[in-house]
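Each reported figure results from applying straightforward, stated rules to the coordinates on display, with no laboratory input. No experiment lies behind these values; they were computed from the predicted model shown. Note that we place each Cβ from the backbone using ideal geometry, even for glycine, and neighbour counts take in every protein chain shown.
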Amino acid sequence: MTQVGQDTLKTRSTLTVKGKEYAYYSLAKAAETIGDVSKLPFSLKVLLENMLRFEDGGFTVSTGDAQAIADWQKDPTTGKRKCKVSLQRALKLDNGPRTPLICVVGQFDSDGGFDIVSEAITPLLERIFPLNTSLTSGKGIFC
């Protein structure tokens with residue numbers, strides 16, 4: 001069996017089937033060091049096992065990368081979800097996980113006529129979505 005990474009967390013294990021040995025990287029052993037990973041979504045468990053397999057001391061994959069996957073469940077509010085929550089809070093909207101939020105994002109350069117677009121679209125949006133409409137340049141506002 002060829003060992004791929006450095007196995008700093010000592011998670012490499014073997015499974016013998018019909019006299020042949022297979023290597024795998026144990027999430028249970030990883031949990032002893034990086035914390036409980038049993039509630040991670042399956043896709044993140046696959047990613048974590050892959051990180052354990054190819055951990056090379058930080059050249060491409062570090063133990064910190066594996067730790068970041070484990071820590072994700074402590075605050076899963078990242079990426080799009082974090083932006084949605086921030087936007088809902090800023091607009092004083094209900095921020096329940098099943099509350100729909102429709103957001104259109106566009107990019108204008110400094111000479112792109114944002115003021116004209118704002119004047120034209122804002123009244124239209126207010127008619128279509130009377131609850132709350134906001135049109136802004138958005139520079140660093142929410143996330």
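Structure data summary
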item: Peptides ranked, highest mean first, by Cβ atoms within 10 Å: ranges 33-46, 4-17; result: 4-17, 33-46
item: Simple label model, 7 Å out from Cα along Cβ direction - V4 to K45, nm; result: 1.8 nm
item: Potential extension, D56-K29 segment - 0.36 nm per residue separation minus Cα distance; result: 8.0 nm
item: For M51, net neighbour charge (Lys/Arg +1, Asp/Glu -1) across residues whose Cβ lies under 11 Å away; result: -2
item: Extension gain, V85 back to V17 (0.36 nm per residue minus Cα-Cα distance, nm); result: 19.6 nm
